[in-house]
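The values are calculated or read from the model by the stated rules, or taken from the named source; none is laboratory data. As the structure is a prediction and not an experimental result, all values here were calculated from the model. Because the Cβ atoms are built from the backbone with ideal geometry, glycine has one as well, and the counts that use them run over all protein chains shown.
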Amino acid sequence: GLSVSQRGIEVGVRVEVHNDIMDDLTSVIYDPTFFIRTDRHDDLTRTFCTNRGGFVALENYQDFVCVNGHAYRDRKSDNTNFAFLSKVVLTEPVTDNQAYGESIGRLASIIGGGKPILQRFGDLRRGRRSTWAKVKAGYLQPTMTDVVCGDVSMALPGRIMANLREGLTKLNQVVPGVANDETLLYAPEIKFFATQVGTTKELETAVAGLFVAGDGPGVAGNIVSAAATGLIPAKAILARLAAEAAT
């Protein structure tokens, strides 16, 4: 039969800053990605899905809500948003990463009254809840307003919050201004991954002749890599067909 393994989940926030802070990067690379190893917990955090001139959006999972981000071709905002995520892989005694992620989503939805939570990074750093008065007084205005201003640390686990604070502060050394007090954090953003099917380097499973590719079997994590993984088994299959034809 097929062997499978858990890929874990990623939990964090959607970060929103003014376009000026990210322009030097996004004018060269539309979706720059940074991987940051935290000192305190030795965990991996990363940026993901950068949207220059984009908008923060709602993700509805029926019994809880999350956030995401997107951008339009002909409609632009003054802000850039990106996901900032902390990797979680449960081992013993609990290995159900999906259930853990869903429980975080449900707790965050309770804290937010059924809506995502919005907090300024400066308030998070000082251990204070954000209010609409504070947000509206700043120069950075949120692109998603159907949210509840509050305290993200009331919704996300402490270890993840420590990773996000440290990781964003480190990222500020490379992208100055990204950890400003006015930086907006929307929570939660949770990335669920499919169970990974065991394969060879050619993406052939334990069932001879059965190849997999893309996000479904867990061998890719985004649109680009999903497309790229389709080429791997395709080349292997073509090589086998050519070898059979030559015999």
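So the values come out like this:
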item	result
Conditions (1) in contact with a Leu (Cβ under 9 Å, 6 or more places away or on another chain); (2) of a type outside the set (Asp, Glu); (3) not assigned by TED's automatic domain parsing to the domain that holds residue 12: number failed by residue 223	(1)
Residue 88 at pLDDT below 95, surrounded by 13 or more Cβ atoms within 10 Å (Cβ to Cβ) and either charged (D, E, K, R) or touching a strand residue (DSSP E or B) at 6+ places or on another chain (Cβ under 7 Å) (or both)	yes
Residue 73 being among the basic types (Lys, Arg), surrounded by fewer than 18 Cβ atoms within 10 Å (Cβ to Cβ) and under 24 Å from residue 54 (Cβ atoms)	yes
Scope segment 134-161; condition of a type in the set (A, V, I, L, M), part of a helix (DSSP H, G or I) and surrounded by fewer than 18 Cβ atoms within 10 Å (Cβ to Cβ); matching residues	137, 154
Selected residue [surrounded by fewer than 16 Cβ atoms within 10 Å (Cβ to Cβ) and farther than 20 Å from residue 120 by Cβ] from 1, 53	1
Criterion: buried (at least 16 other Cβ atoms within 10 Å of the Cβ), farther than 19 Å from residue 107 by Cβ and either among the aromatic types (Phe, Trp, Tyr) or touching a residue at least 60 places away in the same chain (Cβ under 8 Å) (or both) - qualifying residue of 179, 206, 194	194
Strands (runs of 3 or more DSSP E) completely within segment 1-53 that count 1 or more residues being of a type outside the set (D, E, K, R) and touching a His at 6+ places or on another chain (Cβ under 8 Å)	44-52
